[in-house]
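See structure below.
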Amino acid sequence: MKRRTFLLGTASGFSVLALAACVAPAPVPTPSVVPTPVNPSLVPQPLAVSRTNWSTDPFSRGSFSYAAVNSTPEHRAALRGAVGARVFFAGEATAVDAPGTVDGARTSGQFAASRVKDVAGPDERITVVGAGIAGIAAARQLVDAGFNVVVIEARDRIGGRIDTVRGDWPFPIERGPSFVRGASESFLDDELTALGVSLIPVVPAPEVRTRAGAVVDASPLGAQAVAGALRWAAEQQSDVSVERALIDSGEADLSTTPNADGLSDADWLEYEIATKLKVETGATPSLQSAWYTGDLAWAEDDKIVVGGYATLLTHDADGLDLLLSNVVNRIAHDDDGVSLRLGTGESVSADRVIVTVPLGVLQDAAIEFSPALPFAHRAAIAALGMGVVDKVWLRFDTPFWDTEAQLWTVVGDDPDFPLWVNMMPLTGEPVLMGMVAAENATRLSALDDDAFLAAALTALEPFLAVPDAAE
Ligand SMILES: Cc1cc2nc3c(=O)[nH]c(=O)nc-3n(C[C@H](O)[C@H](O)[C@H](O)COP(=O)(O)OP(=O)(O)OC[C@H]3O[C@@H](n4cnc5c(N)ncnc54)[C@H](O)[C@@H]3O)c2cc1C
């Protein structure tokens, strides 16, 4: 039997890409558009498209943080450390327990607010930079405690990476988070439900198709190889990348000989990497920490939000003093307080500030700190990774597919869109959401809208309904 070390020499992936940090600024994500027909594939032209581009978004610089090789949870704890009891940090990257999530971001905002309350006098003025869920949660807590709070936000809307769009879609679509993972242990389930937002359980077993469109049973081989590699890495003296762990543990040494269904054992490892490791972290395995990459499998209590994640924010932001469309580009502090310089050249003074901008913005040094941040903060900013996951939403006239499955995946190569959510069984509407991650997302981020759409429609070809033989 022909064997090879799977990860070495594949043409499709694993090049070490610096993700968000080295991508030049560009316009914010494009809104819904009615596309002009450029579709070379057999998949029909959609009626509406909404595409994200989080890596080039100047106020995000990536989608969410991940555990880069050699980073540790202590880096996140260091990042949320207060500087001179004047400058506090919050946001998903500072969450030790649930980084990269809405849960983690919100808890981090509440944590920062409680730290401020510990040191602040009753009449103090507190500024919060960023009106994502961390910033809104911090401000809400401080306002409710009687502080004078202003939230300064670069965008013309609140929510940050929570980006619910209504427009001409038949239901609100989510350009940022869509899922509540582990809903049974999350405050979000009850809270969103109380706000009238539907959360629908995700069927954890996706339908798997080959590029040729054949439906195949998912093999556990890829997941087993990754789990074995992570177990091996846990025994090592130092952290290594997930890619290195797969290779050095021997777990990546899989057969490339096709079985009866045309798929090899190595294809299932590539499938696991594309649909789980890359989609869940936004990073290629050569950048991910083997020590701190956890279990990424879908669970029975994962849910998808249908009806507006942003409802959570509008509720919490009620009555807050918001300064929208104002970019903070410098934060200075001394024993007397803090001074923030805005993009307009104006300054805002406060007693203390909570900075909730994404890790990608900090890595990009888009805000100058004076004095410079302490070493522990700078080390954390450099060590943690900012992953990239982008989404495309497509609305069709009628379904071109005949599967009822909620989640669609493709095995057999390194597809640009390894995961699709079929909203038809969830909403009755012929709407699909595709996800592209890691280096695939970075590459597609450079495409214009027409080329990006063409790539998405080509990726959907395995799901074209097979015409009835009698027709
Ligand atoms: C595509 C995608 C899919 C995701 N999927 C999920 C999911 O299914 N489940 C889940 O739990 N999480 C998911 N996440 C992660 C989740 O969205 C984030 O963890 C969370 O929303 C982060 O909140 P935050 O307040 O920390 O940051 P943000 O929401 O990014 O808020 C930071 C704010 O700071 C503002 N800002 C930036 N720079 C400046 C500046 N210089 N001056 C003033 N303001 C500034 C930004 O505009 C932003 O509003 C996803 C994220 C993305 C992008």
TODO: Quick one: pull the percentage of alpha-carbon pairs in segment 220-265 with a separation above 17 Å.
DONE: 35
Task: Helix-only CD estimate at 222 nm, as mean residue ellipticity for the chain, using -39500 (n - 2.57) per DSSP H run (n ≥ 4) - done: -7000 deg cm²/dmol
TODO: Return one number: the angle in degrees, 0 to 90 and rounded to the nearest 10, between the long axis of the Cα atoms of helix 449-459 and the longest principal axis of the Cα atoms of the chain.
DONE: 40
Open item on the list: Order 80-87, 292-299, 53-60 from most to least packed using the mean count of other Cβ atoms within 10 Å.
Closed with: 53-60, 80-87, 292-299
TODO: Consider all pairwise Cα distances in the chain and report the whole-number % of them above 27 Å.
DONE: 55
Task: In the chain, lysine pairs closer than 23 Å at Cα, eight or more apart or cross-chain - done: 5
- [ ] Could you tell me the convex hull volume per residue, in Å³, taken over the Cα atoms of segment 359-471?
- [x] 156
TODO: Using Cα pairs closer than 8 Å and at least 6 residues apart in sequence, work out the relative contact order for the chain, in percent.
DONE: 26
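Output needed for segment 102-171: three equivalent-ellipsoid semi-axes, defined as square roots of 5 times the C-alpha gyration tensor eigenvalues, in descending order, whole Å.
Details: eigenvalues 145, 32, 16 Å².
Square roots of five times the eigenvalues give 27, 13, 9 Å.
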Task: Calculated diffusion of segment 401-450, Stokes-Einstein form, Kirkwood radius summed over Cα pairs, 37 °C and 0.692 mPa s, µm²/s - done: 269
TODO: Note down the magnitude of the dipole of the chain about its Cα centre, charges +1 on Lys and Arg C-beta and -1 on Asp and Glu C-beta and zero elsewhere, to the nearest 20 debye.
DONE: 1040
Task: Length released on extending from residue 466 to residue 166, taking residue separation times 0.36 nm less the Cα-Cα span - done: 104.7 nm
Open item on the list: Can you tell me what share of the DSSP beta bridges in the chain is antiparallel? A percent to the nearest 5 is fine.
Closed with: 70
- [ ] Hey, could you get me the Stokes-Einstein D for segment 251-383, Kirkwood radius over alpha-carbon pairs, 4 °C and 1.567 mPa s, rounded to whole µm² s⁻¹?
- [x] 65
Open item on the list: At a 10 Å Cβ-Cβ cut-off, how would you order 420, 408, 401, fewest neighbours first?
Closed with: 401, 408, 420
Open item on the list: Which residues does the label zone of residue 227 cover in segment 281-317, counting backbone N under 13 Å from a point 7 Å along Cα→Cβ?
Closed with: 295-298
Open item on the list: With every atom except the alpha carbons ignored, what do you get for Rg and Dmax of segment 221-326, in angstroms?
Closed with: 19.7, 63
Task: Peptides ranked, highest mean first, by Cβ atoms within 10 Å: ranges 146-152, 61-67, 117-123 - done: 61-67, 146-152, 117-123
- [ ] Return the sequence-ordered ³J(HN,Hα) values of segment 355-371 in whole Hz as given by the Karplus equation 6.51 cos²θ - 1.76 cosθ + 1.60 applied to θ = phi - 60°, using x for Gly and Pro.
- [x] 9, 10, 5, x, 3, x, 5, 5, 5, 7, 6, 6, 10, 8, 9, 9, x
Open item on the list: How big is segment 160-253 along each principal axis, measuring the range of its Cα positions in Å and listing the largest first?
Closed with: 49, 40, 24
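Note the full-extension length gain between residue 334 and residue 429 as 0.36 nm times their separation in residues minus their Cα-Cα distance, in nm to one decimal. Intermediate results must be reported in sequence, preceding the final value.
Details: separation 95, 0.36 × 95 = 34.20 nm, distance 5.56 nm.
My answer for the length gained is 28.6 nm.
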Task: Extended-chain gain in nm, criterion 0.36 nm per residue less alpha-carbon gap, residue 85 and residue 191 - done: 34.9 nm
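Every number in this text was worked out from the coordinates using simple rules, so none of it is lab data. Everything numeric in this text was worked out from a predicted model, so none of it was measured. For neighbour counting, all protein chains shown are included, and Cβ atoms are generated from backbone atoms with ideal geometry for every residue, glycine included.
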